[in-house]
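Before any comments, here is the structure.
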Amino acid sequence: MEKRVFSGFRPTGKQHIGNYLGTIQNCVSLQDEYDCIYCVVDIHALTTLEGTETLQKDIYEMVLDWLAAGIDPGKCILFVQSHVPQVMELHTLFSMVTPLSWLLRVPTFKEKVKIQPHNVNYGLVGYPVLMAADIALYKGEVVPVGEDQLPHLELTREIVRRFNSTYGYVFPEPQAKLTSFPLVLGLDGLLKMSKSYNNYIEIAAPPEEILRQVMTAVTDPARRYRSDKGHPDICNIFSLHKFFTPSRVEEIASECRTADIGCVDCKKMLARSISSTLEPFREKRAILASKPDYVTEILADGANRAEALAKETMKEVKDKMRLLQLKS
Ligand code: TRP
């Protein structure tokens, strides 16, 4: 049987090129190798959100992007965390086998305390416990994550181990699958592409918008005049060409080094490459968006399938913990 992959993603609304080249494409290819469950972690998002005005829309737009980019509900389960409330139940039970000291030393927790000192809520401390519950509820064995999530995953393994040794074996110990995400820099050429740095290009953006945004990007700072020779290795536009214009990268690099091509033309070419690479995606997205209720139906089906698995696990958990169960 195929191994079970579980991964969770915060609802960040319309996805950008960094999400696409890193996370989304990776998840699409895992669908063919594993039994995949992908979850939009709206409850996790609440630990850092200060308001929820855009939450529903953010979930909808993100799911639409994912479906249009090739996440196939025929091959995987795609659902929203809060639609399967058993995760919050398992979170509470897991909190009884999790020493507070483990949680207080998690690096992401310490960081968040610095970033939002006015909002160090109880849920924030329990963030990794909820993540452990996510993975364990569906008996996830393989968890594709970026390096920043490794401490969380280590904690999941410790929680699961402690549960199993206290109450009896229920959960496999999940393994991290470190994906070497390409580092996609933002339009500023300095920071990683991210919504929070406002330096991103949305994958659903129309070609005019892509062009407009690419034109604002920072290139090799040494090229101030058209005749200045460039250094493609340190130019962010060039690094995007590697993804979007793979057939011409060598040429572009040498034309930049000899100043045969200027930054303006180089950017225009990049904007065209991005637009044409993403054209099939935009078309599919438009079709899906035109079907009323399409996203809701996919999510309802995902929630049903996920909940069936969750119920089985919870029954087993309560049996092992000797909680009194009324129905068998
Ligand atoms: N903490 C993860 C992140 O910020 C999101 C997440 C929640 C997750 N639950 C998960 C990732 C379970 C993997 C498995 O990216």
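Take the conditions in contact with a helix residue (DSSP H, G or I) (Cβ under 9 Å, 6 or more places away or on another chain), more than 14 Å from the ligand (Cβ to nearest atom) and closer than 15 Å to Ala306 by Cβ and apply them to Val84. Does it pass? I'd like the intermediate steps shown before the answer.
Values: in contact with a helix residue (DSSP H, G or I) (Cβ under 9 Å, 6 or more places away or on another chain): yes; more than 14 Å from the ligand (Cβ to nearest atom): no; closer than 15 Å to Ala306 by Cβ: yes.
For Val84, the condition - in contact with a helix residue (DSSP H, G or I) (Cβ under 9 Å, 6 or more places away or on another chain), more than 14 Å from the ligand (Cβ to nearest atom) and closer than 15 Å to Ala306 by Cβ - is not met.
Quick one: which of Lys284, Lys318, Lys267, Lys291 is more than 30 Å from Leu211 (Cα to Cα) and of a type in the set (Lys, Arg)? Working first, answer last.
Details: Lys284 fails: more than 30 Å from Leu211 (Cα to Cα); Lys267 fails: more than 30 Å from Leu211 (Cα to Cα); Lys291 fails: more than 30 Å from Leu211 (Cα to Cα).
Just one listed residue meets the conditions, Lys318.
Scanning for something at pLDDT 95 or above, in a loop (DSSP other than H, G, I, E, B) and within 15 Å of Ser239 (Cα to Cα), does segment 177-188 turn up at least one residue? No, segment 177-188 contains no residue that is at pLDDT 95 or above, in a loop (DSSP other than H, G, I, E, B) and within 15 Å of Ser239 (Cα to Cα). A search for C-beta distances below 7 Å between a residue of segment 259-274 that is open to solvent by less than 10 Å² (accessible area, probe 1.4 Å) and any residue that is of a type outside the set (A, V, I, L, M), counting only pairs 6+ apart in sequence or on different chains, returns Gly262/Arg226; Leu270/His241; Leu270/Phe244; Leu270/Thr245; Ile274/Phe244. Exactly one residue out of Val120, Val97 is away from the ligand (no atom under 12 Å from the Cβ), open to solvent by 20 Å² or more (accessible area, probe 1.4 Å) and among the β-branched types (Val, Ile, Thr), and it is Val120. Considering segment 163-198, and only residues there that are closer than 13 Å to Asn19 by Cα and among the charged types (D, E, K, R), the residue that is surrounded by the most Cβ atoms within 10 Å (Cβ to Cβ) turns out to be Lys195. Number of residues in segment 199-226 that are assigned to a loop (DSSP other than H, G, I, E, B) and open to solvent by 80 Å² or more (accessible area, probe 1.4 Å): the value is 5. Against the test of being at pLDDT 95 or above, buried (at least 21 other Cβ atoms within 10 Å of the Cβ) and of a type outside the set (Val, Ile, Thr), the options Tyr60, Tyr34, Tyr38 yield a single qualifying residue, Tyr38.
Could you tell me which residue of segment 107-117 is farthest from the chain's Cα centre (by Cα), considering only residues that are surrounded by fewer than 18 Cβ atoms within 10 Å (Cβ to Cβ) and touching a residue at least 24 places away in the same chain (Cβ under 8 Å)? Full working, then the answer.
Filtering segment 107-117 for residues surrounded by fewer than 18 Cβ atoms within 10 Å (Cβ to Cβ) gives 107-108, 110-111, 113-117.
Checking which are touching a residue at least 24 places away in the same chain (Cβ under 8 Å) leaves us with 107-108, 116.
On the way: Pro107: 19, Thr108: 16, Gln116: 22 Å.
Restricting to residues being surrounded by fewer than 18 Cβ atoms within 10 Å (Cβ to Cβ) and touching a residue at least 24 places away in the same chain (Cβ under 8 Å), the top hit is Gln116.
Just one residue in the set Val160, Val125, Val145 is at pLDDT 95 or above and either surrounded by 20 or more Cβ atoms within 10 Å (Cβ to Cβ) or within 12 Å of the ligand (Cβ to nearest atom) (or both); that residue is Val160.
Would you confirm, using the coordinates I've provided, whether Gln15 is within 16 Å of the ligand (Cβ to nearest atom) and either closer than 21 Å to Pro174 by Cα or at pLDDT 95 or above (or both)? Quick ask: steps written out before the conclusion?
Details: within 16 Å of the ligand (Cβ to nearest atom): yes; either closer than 21 Å to Pro174 by Cα or at pLDDT 95 or above (or both): yes.
Against the criterion (within 16 Å of the ligand (Cβ to nearest atom) and either closer than 21 Å to Pro174 by Cα or at pLDDT 95 or above (or both)), Gln15 qualifies.
The values are calculated or read from the model by the stated rules, or taken from the named source; none is laboratory data. This one's a predicted model, so the numbers in the text were calculated from it and none came from an experiment. Note: ideal-geometry Cβ built from the backbone for every residue, glycine included; neighbour counts use all protein chains shown. Surface accessibility is based on the protein's heavy atoms, side chains included, excluding ligands, DNA and RNA. Shrake-Rupley method; radii C 1.70, N 1.55, O 1.52, S 1.80 Å.
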